[in-house]
Amino acid sequence: MTNPLEWPTDLPRLVWNSSMLRDAGMSRRAIDSAVRSGALQRVRRGSYVPAGSRPDLVESASLGGRLDCVSLLEAVGVFVRRRSGLHVQQESHASRRPAAPKGVRYHWRRSTAPRESAVTDLVEALVQAVRCQTPRDAVATLDSAWHLGHVDERDIADIFVRLPHRFSVLRGLLDRRSESGIESLVRLVLRSIGCHVELQVRIKGVGRVDFLVDGWLIVECDSQQFHGDWQTVKRDRRRDLAAVERGFVPIRLLAEDVLFHHDEVRHSLERLVRRGPLLPGL
């Protein structure tokens with residue numbers, strides 16, 4: 001996992017204008033030279049970002065706005081289930097902004113970010129992302145940002161103060177212990193079908209599991225990112241065997257199924273929970 005305190009190197013926080021660069025000691029000739037050599041990238045007339053900046057940030061800056069919402073959150077490693085184009089914050093009073101190109105969504109609102117900022121404040125981005133996603137996906141995004149340390153409990157409270165009251169029901173669904181967006185989505189499914197769900201449970205002889213459901217069902221969430229090598233596969237199979245020996249029923253859900261076959265996953269879990277444990281007395 002990336003250190004949550006590390007800001008991506010390809011995501012500059014500021015768009016430099018000519019005055020800022022001259023104040024830093026660069027002449028107009030030096031600025032032009034830096035652009036020609038590739039050290040600086042001109043995004044608009046008199047506006048620059050460092051070379052190697054993310055293409056989506058470059059595009060948002062070229063439109064006179066700031067990287068925002070799910071676009072910014074994805075850039076800093078927060079789980080976003082579905083990207084719906086480029087999300088750009090534009091000041092509500094801004095003028096002379098080009099019409100949003102195809103695939104770009106403008107969010108017209110004021111921001112607390114400095115005028116020269118290339119990105120919005122993360123709390124602002126999360127507020128906007130809750131509005132732009134389904135409730136289930138919004139919970140997974142908030143869980144992810146909280147778990148990674150991008151926000152704390154006070155920030156979470158602030159987010160719900162800024163949102164309309166109808167979103168307040170989501171607050172009770174959050175759980176920062178979920179280590180991935182997939183885990184958040186699975187947790188919501190299990191809760192919705194009436195299960196008692198324990199997260200990140202340590203079982204003697206098995207190790208830590210993603211979920212222990214109703215005291216007998218172990219649910220693990222697998223993705224290629226963390227379960228793609230043979231050594232990991234062997235370790236997981238041995239853990240499953242150890243769980244069965246101790247009377248548990250382990251199952252593994254694939255991330256792609258959770259993301260793209262949600263109804264099928266839900267129905268499978270419902271049938272499994274309704275059938276109950278395989279061994280009497282559990």
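Taking Cα pairs under 8 Å and at least six residues apart, what relative contact order does the range 35-157 come out at, in percent?
With pairs under 8 Å counted, the relative contact order is 22 percent.
For the range 197-257, which trypsin sites (Lys or Arg not before Pro) are in a loop by DSSP, counting at most 15 other Cβ atoms within 10 Å?
Passing both the DSSP loop test and the Cβ count: 204, 246.
Using alpha carbons only, how many degrees (0 to 90, rounded to 10) separate the axis of helix 181-192 from the longest principal axis of the chain?
Approximately 50 degrees, to the nearest ten.
Figure the gain on full extension for residue 161 and residue 91 (residue separation times 0.36 nm, minus the Cα-Cα span) and round it to one decimal in nm.
That works out to 23.1 nm of additional length.
Given the chain, what percent of its DSSP beta bridges are antiparallel, to the nearest 5?
That works out to approximately 60 percent antiparallel.
Counting only other residues whose beta carbon sits under 9 Å from that of residue 92, what net charge do I get with K and R as +1, D and E as -1?
Values: positive: 109, 110; negative: 91.
Charge balance in the 9 Å sphere: +1.
What angle, in degrees between 0 and 90 and rounded to the nearest 10, separates the Cα long axis of helix 262-275 from the longest principal axis of the Cα atoms of the chain?
Helix 262-275 sits at roughly 20 degrees to that axis.
Under unit Cβ charges (Lys, Arg +1; Asp, Glu -1), what dipole magnitude, rounded to 20 debye, does the range 16-173 have relative to its Cα centre? List each step's numbers first, then the result.
On the way: 25 positive and 16 negative charges, 157 e Å.
Rounded to the nearest 20 debye, it is 760 debye.
Could you order the peptides 215-223, 45-53 from most to least packed, using the average number of other C-beta atoms within 10 Å per residue?
So the order, starting with the most tightly packed, is 215-223, 45-53.
Using 18 Å as the cut-off for backbone N distance, which residues of the range 56-71 belong to the label zone defined by a point 7 Å from the Cα of residue 99 along Cα→Cβ?
63-64, by backbone N distance to the label point.
Could you tell me the relative contact order of the chain? Use alpha-carbon pairs under 8 Å, at least six residues apart, and round to a whole percent.
It rounds to 12 percent for the chain.
Calculate how steeply helix 122-132 sits against the longest principal axis of the alpha-carbon atoms of the chain, using the helix alpha-carbon long axis, and give the answer as 0 to 90 degrees to the nearest 10.
For 122-132 against the chain, the angle is about 70 degrees.
What is the Cα convex hull volume of the range 181-275 when expressed per residue in Å³?
Looking at the range 181-275, the number lands at 90 Å³ per residue.
So I have [x] 18.5; [y] 15.3; [z] 31.0, and one of them is mean projected area of the Cα convex hull in nm² calculated from this model. Which one is it?
[x]
Step through the residues of the range 39-46 one at a time and calculate ³J(HN,Hα) from phi using the Karplus curve (6.51 cos²θ - 1.76 cosθ + 1.60, θ = phi - 60°), rounding each to whole Hz and writing x for Gly and Pro.
Those phi angles translate into 6, 10, 10, 7, 9, 8, 4, x Hz.
Report the local net charge at residue 242: Lys and Arg +1, Asp and Glu -1, summed over other residues whose C-beta lies under 11 Å from its C-beta. Don't skip to the answer; put the middle values down first.
On the way: positive: 204, 235, 237, 238, 239, 246; negative: 236, 240, 245.
Net charge around residue 242: +3.
Return the long-range amide H neighbours of residue 40 (sequence gap of 5 or more, or a different chain), with a cut-off of under 5 Å between placed amide H atoms.
35, 51
Expressed as a whole number of Å, what is the distance separating the alpha-carbon centroids of the range 12-34 and the range 106-172?
Computed from Cα coordinates, the inter-centre distance equals 33 Å.
None of the figures in this text is laboratory data; all of them are computed from the coordinates on show. The model shown is predicted, which means the values in this text are computed figures rather than measured ones. Note: ideal-geometry Cβ built from the backbone for every residue, glycine included; neighbour counts use all protein chains shown.
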